[in-house]
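This report refers to the structure that appears directly beneath it.
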Amino acid sequence: MQDTIEKLISLLKRRGFVYPSSEIYGGFGSVYDYGPLGAELKNNIKQEWLKEMTQLNNDIVALDSGILMSPKIWEASGHLSAGFADELVECKGCKKRFKQGEVDGEKCPECGKELLPPRKFNLMMQTFIGPAQDSASVAYMRAETCQGIFVNFKNVMDSSRVKIPFGIAQIGKSFRNEINPGNFIFRMREFEQMEMEWFCNPNDSKTPNDWFEFFKEKRIDWLVKMGLKRENLRLIEVEKEDRSHYAQRQIDVEYNFPFGWKEIEGIHNRGDWDLSNHSKFSGQDLKVLDEETKDKYYPHVIETSVGVERLMLALLCEAFSEVEGGRTTTTQSAKEVETLLNIYKKIAPVKVAILPLVKNKEEITGKADEIYNLLRSEFKCQYDETGSIGRRYRRQDEIGTPYCITIDFDTLTDNQVTVRSLETMQQERVAISELINYLNKEINK
Ligand code: ATP
């Protein structure tokens, strides 16, 4: 299984999805960069999430708050205290550091020497604002995007037509000084989160726990729609002592990665932890009025929080496969291995490849060019005329292009093209005049 992830990582580097950061300077651990296809894929995932949240749900609105905020926010949220710290153990010999829980016993798993006693290590990343570097200019890179939501909660209520219950959704970068980043883009120090905070009245007949259940189901359905197999997902109800410091209830949604079951999304009941603390620390009243009882109360919050890159890695692991001997007649030899990235069509970085059968016939390439120009305003397309047709199909298969279109000599007389689906391997002749409709229908199925 480890083999699978190594093959996937190598494919992602080779085809321009994910690069290690600062590679020409020998690398910069725990950060990654996203190449042409990775950038498209990440954007498509984010777009789908935002659409699910703010377009397909009632009463969820978007927000885009800053990475840098008043350091008081992190005092109020509890992130500067012990609540947001990991226990770190260090090896006396090789100096390697581990998260408490990652090591079993008192010896270093790397070199076998003695481990020092555990100590707390806060995960917030610090920086300085302005020219002076003193305690008054300390600021923090946000460790979760949702604090920007809580401190803007009143602004959103006052400036839009939302009423409790409603949600605010945000996508953005977060930073954590993880002790032991690893497993490729699974655990990094800079990553992106997609978080939705749902504000509800704890005295309503629909309780916060009912909303928790509601969003839990919705999130699972969405993850499955995005391409994760249900049997590769499991829900872990987290016991009180292991919960995040703000959570009254917590479910970790785990995915069966080649390196084991690991969390990809957290669903939390944060109660009134955030709004009540921000009221206390800021002196601003963040309570709202119950229209019926005329009492003021702090809304309770149900949160869904998923990492863009973790989800991307899960989707890529699910989509990746190798077929020995190939599954097409165009495979050159029985020993050849075909790589497939059978990814959810809507998030595929390239939707359509345009492949003229030959490259030295002006009528064919001219027609292919025409089709490319027709389709590119609707879909992310790639034009490819180099190499054999079999090789060109395989190049598209390994980046997950759902449709390949070939333009052949018949096209010149019947104005039809051959459309091949990555998912089914079926080929179909489609009239050029019908292509946009056909592809729209297929991709949005
Ligand atoms: P973990 O237990 O893996 O450290 P967490 O419980 O601290 O994760 P949350 O604070 O609930 O994570 O964050 C919500 C989501 O943000 C996670 O489910 C994950 O998808 C993503 N995430 C958190 N930390 C990282 C990281 N260091 N690198 C990449 N994604 C992350």
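The values are calculated or read from the model by the stated rules, or taken from the named source; none is laboratory data. These figures come from a predicted structure and were not determined experimentally. Here the Cβ positions follow ideal geometry from the backbone for every residue, glycine too, while neighbour counts run over all protein chains shown.
What the table shows:
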{"quantity": "Residues of region 175-204 classified as in a strand (DSSP E or B) and within 7 Å of the ligand (Cβ to nearest atom), total", "calculated": "3"}
{"quantity": "Hits in region 259-297 - residues which are of a type in the set (Gly, Ala, Ser) and under 22 Å from the mean Cα position of the chain (by Cα)", "calculated": "Gly260, Gly266"}
{"quantity": "Yes/no for Ala139 being over 26 Å from Met226 (Cα atoms), outside any loop (DSSP other than H, G, I, E, B) and in the same structural domain as Phe215 (by TED's automatic domain parsing)", "calculated": "yes"}
{"quantity": "First in region 414-430 and within 18 Å of Val358 (Cα to Cα), second anywhere and part of a strand (DSSP E or B) and of a type in the set (D, E, K, R), Cβ under 7 Å, 6 or more apart", "calculated": "Gln416/Arg429; Thr418/Arg429; Val419/Glu428"}
{"quantity": "Set Glu338, Glu291, Glu303, Glu239: member being more than 20 Å from Ile399 (Cβ to Cβ) and away from the ligand (no atom under 14 Å from the Cβ)", "calculated": "Glu291"}
{"quantity": "Region 334-347, subset touching a residue at least 24 places away in the same chain (Cβ under 8 Å) and touching a strand residue (DSSP E or B) at 6+ places or on another chain (Cβ under 8 Å), residue surrounded by the most Cβ atoms within 10 Å (Cβ to Cβ)", "calculated": "Leu341"}
{"quantity": "Among (1) within 18 Å of the chain's Cα centre (by Cα); (2) surrounded by 14 or more Cβ atoms within 10 Å (Cβ to Cβ); (3) more than 10 Å from the ligand (Cβ to nearest atom) - the single one Lys225 does not satisfy", "calculated": "(2)"}
{"quantity": "Qualifying residues in region 148-173 (those that are among the polar types (S, T, N, Q) and in contact (Cβ under 8 Å) with a residue 40 or more places away in the chain) - the one surrounded by the most Cβ atoms within 10 Å (Cβ to Cβ)", "calculated": "Gln170"}
{"quantity": "Residues of region 249-265 that turn out to be out of contact with any Asp or Glu (no Cβ under 6 Å at 6 or more places or on another chain) and buried (at least 17 other Cβ atoms within 10 Å of the Cβ), as a count", "calculated": "7"}
{"quantity": "Region 349-378 residues that are closer than 27 Å to Gly38 by Cβ, paired with ones that are acidic (Asp, Glu) and in a helix (DSSP H, G or I) (beta carbon under 6 Å, 6 or more apart)", "calculated": "Pro349/Glu40"}
